[in-house]
Amino acid sequence: MRPPLIGVSTYLEDSVRWGVWHDSAALLPAGYHRLVRRAGGLAVLLPPDEAPAAVAAVTRLDGLVIAGGPDVDPACYGAARDPRTGPPAPERDRWELALIEAALDRRLPLLGVCRGMQLLNVALGGSLRQHVDGHAGPPGVFTEHEVRPVAGTSLAAVLPGPFAVTAYHHQAVDVLGHGLVASAFAPDGTVEAVELPVPGGLVLGVQWHPEAGGGPHDVAVMRALTGAATAGAARSPGVPGPAGPPGG
C-alpha cells in the first residue's frame with residue numbers, strides 16, 4: 001500500500017540566502033518532512049496560495065499538517081492587538097484558515113502544530129491569549145516543559161502519561177472553538193492540545209513542536225495522523241467525505 005500523502009503548510013520569506021542566491025522563498029523547517037517520513041507518510045509542501053486553491057489542494061491529500069510560525073493576527077478572532085503580539089502575516093492566515101476549513105469539510109485527518117493548533121481553534125470560533133510567560137527560551141531557542149494528557153481523549157490513547165515537550169510560543173488558547181476538547185495541559189494550566197471528536201478520524205492540535213523534538217512521543221503524534229490518513233484513504237480513496245463542522 002502506498003504511503004499516505006501528507007500536505008504540510010509552508011511560509012513565504014522575502015529575503016533568503018542559499019548558495020549564490022538571494023531571493024524570496026517558500027520555507028519549512030526540515031524537521032516536518034523528516035517526521036512525516038519517520039511516521040510512514042510522504043510529505044508534500046504547500047506554499048501559500050489564494051484561499052480558493054485550498055479545496056483543490058486538500059482533495060489530493062490523505063492528511064494535512066498546519067505548521068508552526070508567527071502569531072495569528074488578532075483580527076482573525078475579533079480582538080485588539082496586544083503590544084507584545086508579533087507582526088501580522090495576513091496572506092498566511094488566510095491560506096491556512098482556508099486549508100483548515102477545506103480539511104474539516106472533507107473530514108481529512110488534520111494535525112495543527114503550535115500556530116497550527118491556535119489557527120484550528122480560531123477557525124472554529126475560539127480565541128487566543130496573546131501572551132503567556134514561560135513557554136519559550138531566548139529568541140530562537142526552544143524550551144522544555146511537562147505536558148499531561150487528559151484521560152479519555154484521543155491524545156491520551158496515543159500518549160497516556162505525562163511527558164516533556166519541546167516548546168516555543170508566547171500565545172495560547174483562551175476560549176475553545178466550537179466542538180473542540182482540551183486534551184492536554186501544562187503545569188501552569190495552559191492548554192497544550194485540543195481535539196475535535198471525529199468518529200474514525202483525527203483532528204488534533206498540539207501546542208508544542210514534535211518536529212523539533214523527534215522523541216518517541218513526537219513520532220507517535222505524527223503516526224496518529226498518518227495512521228488516520230491511511231485508514232481514511234482505504235475507506236474512500238479519492239472521494240470527499242461528508243461535511244464537517246463549520247468554520248469560524
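The values are calculated or read from the model by the stated rules, or taken from the named source; none is laboratory data. None of these values were measured; they are calculated from a predicted model. Reconstructed Cβ throughout: ideal geometry from the backbone, glycine too, with neighbour counts over all protein chains shown. Accessible surface is based on the protein model in full, side chains and every heavy atom, while ligands, DNA and RNA are left aside. Shrake-Rupley method; radii C 1.70, N 1.55, O 1.52, S 1.80 Å.
Send over the semi-axes of the chain's equivalent ellipsoid, whole angstrom and largest first, taken as the square roots of 5 times the C-alpha gyration tensor eigenvalues.
Details: eigenvalues 112, 98, 73 Å².
Its equivalent ellipsoid spans semi-axes of 24, 22, 19 Å.
Can you compute the FRET efficiency between residue 150 and residue 53 using 1/(1 + (r/R0)^6), with r the Cβ-Cβ distance and R0 = 25 Å? Round to the nearest 0.05. Could you put the intermediate results ahead of the total?
Details: r = 36 Å, r/R0 = 1.43.
Once the sixth-power term is evaluated, E becomes 0.10.
Taking 20 °C and 1.002 mPa s as the conditions, I'd like the Stokes-Einstein D for the range 133-229 in µm²/s, using the Kirkwood hydrodynamic radius from alpha carbon pairs.
Numbers: Rh = 13.7 Å.
The calculation lands on 156 µm²/s.
Go through 99, 75, 130 and say which Cα lies farthest out towards the positive end of the charge dipole of the chain; charges sit on Cβ, +1 for Lys and Arg, -1 for Asp and Glu.
Value computed over the given set: 99.
Given a 1.4 Å probe, how much area per residue of the range 82-241 is accessible, in Å²? All intermediate terms of the calculation are to be shown ahead of the outcome.
On the way: 6250 Å² over 160 residues.
For the range 82-241, the solvent-accessible area averages 39 Å² per residue.
In vacuum, with every alpha carbon of the range 8-83 counted as one equal point scatterer, what does the Debye formula give for log10 I(q)/I(0) at q = 0.22, 0.26 Å⁻¹? Two decimals, please.
Normalising to I(0) and taking log10 leaves -1.12, -1.22.
With n ≥ 4 as the cut-off for DSSP H runs, can you work out [θ] at 222 nm for the chain, using -39500 (n - 2.57) per run divided by the number of residues, rounded to the nearest 500?
Values: 7 runs with 70 residues, N = 248.
Calculated at 222 nm, the ellipticity per residue is -8500 deg cm²/dmol.
Could you give the size of the charge dipole of the range 1-52 about its Cα centre, using +1 on the Cβ of each K and R and -1 on the Cβ of each D and E, expressed in debye and rounded to the nearest 20? Could the numbers behind the result be given before it?
Numbers: 5 positive and 5 negative charges, 105 e Å.
Its charge dipole is roughly 500 debye.
For the range 124-164, what is Rg from Cα atoms divided by 2.2 N^0.38 Å, rounded to two decimals? Mind dumping the intermediate values first?
On the way: Rg = 13.8 Å, N = 41, 2.2 N^0.38 = 9.0 Å.
Scaled against compact globular proteins, the figure is 1.53.
Report the normalised scattering of the range 95-136 as log10 I(q)/I(0) at q = 0.18, 0.30 Å⁻¹, calculated by the Debye formula with identical scatterers on the alpha carbons.
Reported log10 I(q)/I(0), two decimals: -0.54, -1.12.
In a shell of Cβ-Cβ distance under 14 Å around residue 69, excluding residue 69 itself, what net charge do Lys and Arg (+1) and Asp and Glu (-1) give?
My count for the surroundings of residue 69 gives -4.
Using a simple spin-label model with points 7 Å from Cα along the Cα→Cβ vector, what separation in nm is obtained for residue 81 and residue 220?
4.1 nm
Return the carbon/sulfur percentage of the accessible area of the chain, one whole number, probe 1.4 Å, all protein chains in place. Don't jump to the answer; show the numbers that get you there.
Numbers: 6510 of 11210 Å².
Exposed carbon and sulfur together represent 58 percent of the surface.
Need one number: the % of Cα-Cα pairs in the range 1-134 sitting beyond the 24 Å mark. Mind showing how you got there, number by number?
Working: 2871 of 8911 pairs.
Tail fraction, whole percent: 32.
Please work out the FRET efficiency for the pair residue 42 and residue 14, using the Cβ-Cβ distance as r and a Förster radius of 45 Å; give the result to the nearest 0.05. Numbers along the way, then the final one.
Working: r = 29 Å, r/R0 = 0.65.
Given R0 = 45 Å and the Cβ-Cβ separation, E is 0.95.
Taking every alpha carbon pair in the range 55-127, what does the distance histogram look like in 10 angstrom bins from 0, in percent?
Whole-percent P(r) values from 0 Å outward: 20, 54, 22, 5.
Roughly how many nanometres apart are two label points built 7 Å out from the Cα toward the Cβ at residue 129 and residue 181?
About 2.3 nm, to one decimal.
Quick one: Cα centre-to-centre distance for the range 121-163 and the range 13-73, in angstrom?
That distance is 22 Å.
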